[in-house]
Amino acid sequence: MKVWKLVSGILSIVLFFLVMFQSCAAGLANTLSENGESGGSAGVVVSIMLLAGGIVSIATRKGGKGGNIALIVIYGIAALTGFALAGSFADLTIWAGWCLICAVLAVVSLIKGNKEKETEM
C-alpha cells in the first residue's frame, strides 16, 4: 500500500491544479449566467481537499492508523461535496469519483494494517 499512497498523493496534488483551474472557470460561468449553482465553489473545496489528501497520503505512506483515518475523512468529505454540489459542472463528479476511490483504498489500507498487526502478535 506504500506505493499506492505515494502515487495517489502525487496524482492528487497534480489534479489539485487542474480542478482549481476548472472550478474557477465554472464559478465565473455560474456568476455570469446568474443560474444560482454552486459547482464552482464546490470545486474549489474539492481541489483544496485533493491537495490536503495528497500531502497527507505522501507523508503517511509508511504506515500509521491515524494517517489512514485522516485520508478517509479528507477524501470522504471531498467526494460528498463533489457529488452533492456538482450541478452543471459535470467534471466535478469525475474528481469526486477519484476522491471516493482514494477513500475506499484508505479503508482497505486501514483494514489491511490492522490484520498485519494481529498476525504479528
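The values are calculated or read from the model by the stated rules, or taken from the named source; none is laboratory data. What you see is a predicted model; the values in this text were computed from it and never measured. Glycine gets a Cβ as well: all are built from the backbone with ideal geometry, and neighbour counts include every protein chain shown. The accessibility values were calculated without ligands, DNA or RNA, using every heavy atom of the protein model including side chains. Shrake-Rupley method; radii C 1.70, N 1.55, O 1.52, S 1.80 Å.
Structure notes:
- Environment charge of Ile58, counting only residues whose C-beta is closer than 15 Å and scoring Lys/Arg +1, Asp/Glu -1: +4
- Hz values of 3J(HN,Hα) by residue in the stretch 39-51 - Karplus curve (6.51, -1.76, 1.60), Gly and Pro given as x: x, x, 5, 5, x, 5, 4, 4, 5, 5, 5, 4, 5
- Taking all protein chains into account, the per residue accessible area for the stretch 16-56 stands at 51 Å² (1.4 Å probe).
- Maximal additional length on extending the Phe21-Ile69 stretch stands at 14.4 nm, based on 0.36 nm per residue less the C-alpha distance.
- Ranking Gly9, Ile94, Ala59 by how far each Cα lies toward the positive end of the dipole of the stretch 1-99 (charges on Cβ) leaves Ala59 at the top.
- Mean separation of Cα contacts under 8 Å (6+ apart) over length of the chain, as relative contact order %: 27
- Distance histogram in 10 Å bins (all Cα pairs of the stretch 28-69, percent per bin): 26, 31, 21, 15, 7
- For the stretch 7-35 versus the stretch 60-97, the gap between their alpha-carbon centres in whole angstrom: 14
- Net lengthening on full extension, Lys115/Ala59 (0.36 nm per residue, minus Cα-Cα): 18.0 nm
- For the stretch 71-88, the Karplus equation 6.51 cos²θ - 1.76 cosθ + 1.60, evaluated at θ = phi - 60°, returns couplings of 5, 4, 5, 5, 5, x, 5, 5, 5, 4, 4, x, 5, 6, 10, 4, x, 7 Hz by residue, with Gly and Pro reported as x.
- Counted residue by residue at 0.36 nm each, then reduced by the alpha carbon distance between them, the extension gain from Glu34 to Leu6 reaches 6.0 nm.
- Heavy-atom surface analysis with a 1.4 Å probe gives the stretch 1-58 a carbon and sulfur content of 79 percent of its accessible area.
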